[in-house]
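Before any comments, here is the structure.
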Amino acid sequence: MAVVAAGGEVEPNPKGREMGLARKIHLTQEAYDHPMFEGKPRVFEGFISHDDMVTRMTPDCVCLAANSFTSIQAVAVTHKKGTFWATQYHPEYDLHEMACLIVAREEKLTKAGFFRGNEDMVQLVEKMKALAAEPDREDLRWQLAIDDDVLNDSIRQCEFVNWINKLVLPTANG
């Protein structure tokens, strides 16, 4: 929304839906010193559920992260009197919430080819919920290809915490 408000464009991703985990999100050079990513690894995974993407940005916008599926995974927008930081992925989700979202979108995801049927979806969701309950289970971490960047709140939610501490609270107190 911020990119569109600044004059950019968003359209459906021709690759379709990106769902579950956005793999190998990497910070752009502009993000290395950006306060939103302080404490974040330069390459990480993130929970994701979207089928659109930013297709055009204005000079008010700076791409901060990308991956092979979506060329703009995070952005900083400075427009008129406002500053906005946004991610396409969802640092606010956790493994249990993502599992529930998959269940809620089962029909759509099955039609899109993510599952052959209900049994496939149930098997994945059960593993996700089990790992959410026991995050130290190495077998499930390996089977789901999930590391601390997804399971550790301080890594996964880094952008959100930085946004609050560096953009929201200073503005509220100033």
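The values are calculated or read from the model by the stated rules, or taken from the named source; none is laboratory data. As the structure is a computational prediction, the values presented were derived from the model and not from experiment. Using ideal geometry, Cβ is built from the backbone for each residue, glycine included, and neighbour counts are taken over all protein chains shown.
For region 91-107, does any single residue satisfy the condition of being in a helix (DSSP H, G or I), crowded, with 16+ Cβ neighbours inside 10 Å, out of contact with any Leu (no Cβ under 7 Å at 6 or more places or on another chain) and among the acidic types (Asp, Glu)? Checked against the condition, which is being in a helix (DSSP H, G or I), crowded, with 16+ Cβ neighbours inside 10 Å, out of contact with any Leu (no Cβ under 7 Å at 6 or more places or on another chain) and among the acidic types (Asp, Glu), region 91-107 yields at least one hit.
Taking His26 as the residue in question, decide whether it is surrounded by 14 or more Cβ atoms within 10 Å (Cβ to Cβ), within 15 Å of the chain's Cα centre (by Cα) and not assigned by TED's automatic domain parsing to the domain that holds Met121. Criteria met by His26. Selection over region 141-153 of residues that are assigned to a helix (DSSP H, G or I) and in contact with a helix residue (DSSP H, G or I) (Cβ under 8 Å, 6 or more places away or on another chain) gives a count of 7.
So which of Thr55, Thr70, Thr110 ends up being part of a strand (DSSP E or B) and among the β-branched types (Val, Ile, Thr)? Lay out the reasoning, then the answer.
Working: Thr70 fails: part of a strand (DSSP E or B); Thr110 fails: part of a strand (DSSP E or B).
Just a single option satisfies the conditions, and that option is Thr55.
Looking across Gln157, Gln123, one residue alone is touching a residue at least 40 places away in the same chain (Cβ under 8 Å) and either out of contact with any helix residue (DSSP H, G or I) (no Cβ under 7 Å at 6 or more places or on another chain) or over 29 Å from Ala2 (Cβ atoms) (or both). It is Gln157.
Contact map, region 47-63: residues that are outside the structural domain of Ala74 (by TED's automatic domain parsing) paired with residues that are modelled with pLDDT of 95 or more and buried (at least 17 other Cβ atoms within 10 Å of the Cβ), Cβ distance under 7 Å, separation 6+ or inter-chain. No pairs are found.
Scanning region 39-52 for residues that are assigned to a loop (DSSP other than H, G, I, E, B), in contact with a helix residue (DSSP H, G or I) (Cβ under 9 Å, 6 or more places away or on another chain) and exposed (fewer than 15 other Cβ atoms within 10 Å of the Cβ) yields Gly39, Arg42.
Identify all residues within region 74-100 that are among the basic types (Lys, Arg) and either touching a helix residue (DSSP H, G or I) at 6+ places or on another chain (Cβ under 6 Å) or outside the structural domain of Thr28 (by TED's automatic domain parsing) (or both); write none if there are none.
The answer is none; no residue qualifies.
None of Gln157, Gln143 is under 17 Å from Ile48 (Cβ atoms), surrounded by 11 or more Cβ atoms within 10 Å (Cβ to Cβ) and polar (S, T, N, Q) except Gln157. Condition test on Asp136, is it in contact (Cβ under 8 Å) with a residue 40 or more places away in the chain and not aromatic (Phe, Trp, Tyr)? For Asp136, the condition - in contact (Cβ under 8 Å) with a residue 40 or more places away in the chain and not aromatic (Phe, Trp, Tyr) - is not met.
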